[in-house]
1. If we scan the range 114-124, do we find a residue that is closer than 16 Å to Gly44 by Cα and either in contact with a Leu (Cβ under 8 Å, 6 or more places away or on another chain) or not basic (Lys, Arg) (or both)?
2. Can you run down the residue pairs with Cβ atoms below 6 Å, 6 or more apart or on separate chains, where the first is in the range 19-33 and β-branched (Val, Ile, Thr) and the partner is open to solvent by 20 Å² or more (accessible area, probe 1.4 Å) and at pLDDT below 95?
3. Could you please find all residues in the range 22-32 being farther than 16 Å from Pro101 by Cβ and open to solvent by less than 60 Å² (accessible area, probe 1.4 Å)?
4. Among the residues of the range 38-71, which ones are in contact with a Lys or Arg (Cβ under 8 Å, 6 or more places away or on another chain) and hydroxyl-bearing (Ser, Thr, Tyr)?
5. In this structure, is Ser126 over 23 Å from Leu54 (Cβ atoms) and touching a Phe, Trp or Tyr at 6+ places or on another chain (Cβ under 7 Å)?
6. Can you name every residue in the range 75-102 that is touching a residue at least 60 places away in the same chain (Cβ under 8 Å) and open to solvent by 70 Å² or more (accessible area, probe 1.4 Å)?
7. Looking at Gly45, Gly35, Gly49, Gly65 in this structure, which one is over 21 Å from Pro117 (Cβ atoms) and surrounded by fewer than 13 Cβ atoms within 10 Å (Cβ to Cβ)?
8. Taking only the range 1-43 into account, find how many residues are at positive phi and either at pLDDT 90 or above or assigned to a strand (DSSP E or B) (or both).
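The values are calculated or read from the model by the stated rules, or taken from the named source; none is laboratory data. Every value quoted in this text rests on a predicted model; they were computed, and no experiment measured them. Reconstructed Cβ throughout: ideal geometry from the backbone, glycine too, with neighbour counts over all protein chains shown. For accessibility, only protein heavy atoms count, side chains too; no ligands or nucleic acids. Shrake-Rupley method; radii C 1.70, N 1.55, O 1.52, S 1.80 Å.
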Amino acid sequence: WLSWPVLFLILRGSKRTRAVIVVGSDVLLLKGRLGSNKWALPGGGIKSGEQPELSVLREIKEEVGLDISKSSLIYLGQQYYSEDGIGFDILLYGIRLTEKPSIKIQKKEISKYCWLPVDQINASNSNGDTRIALRTWNNTQ
């Protein structure tokens, strides 16, 4: 729980990105070293003056080592997310790949990754913003 005050200060009122990276029916999920220990999507904070599209691409590169082209991004929209007193805007993007790429996680922030079928992602194993993003993705497909 030591991480909770830090997360509160970092996240509240911020704009963040999330990427739904899909291969077939599987979604790339991450577990961070801080936070709830539930599965989450790649993404993170938008730096001052940074375009959201470039932010999500930077976060994907930093967290899992993937070089994704801007033209591969599918804009899914923006959602406000709030849980346990922390609220922030999420800009959602989708990326459909034809095969599972080699993943190289950034070990400072990310503890592990997996490819999980969409129908196995639920409240007991994933963050709320992850489920919002996946619902948005499913509604656009």
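1. no
2. Hits for this filter: Val27/Val118.
3. Within the range 22-32, Lys31, Gly32 qualify.
4. Answer for the range 38-71, where residues must be in contact with a Lys or Arg (Cβ under 8 Å, 6 or more places away or on another chain) and hydroxyl-bearing (Ser, Thr, Tyr): just Ser55.
5. Taking the combined requirement at face value, the residue satisfies it.
6. Hits for the range 75-102 are Arg96, Thr98, Glu99, Lys100.
7. Numbers: Gly45 fails: surrounded by fewer than 13 Cβ atoms within 10 Å (Cβ to Cβ); Gly35 fails: surrounded by fewer than 13 Cβ atoms within 10 Å (Cβ to Cβ); Gly65 fails: surrounded by fewer than 13 Cβ atoms within 10 Å (Cβ to Cβ).
Gly49 is the lone residue from the list that is over 21 Å from Pro117 (Cβ atoms) and surrounded by fewer than 13 Cβ atoms within 10 Å (Cβ to Cβ).
8. 2
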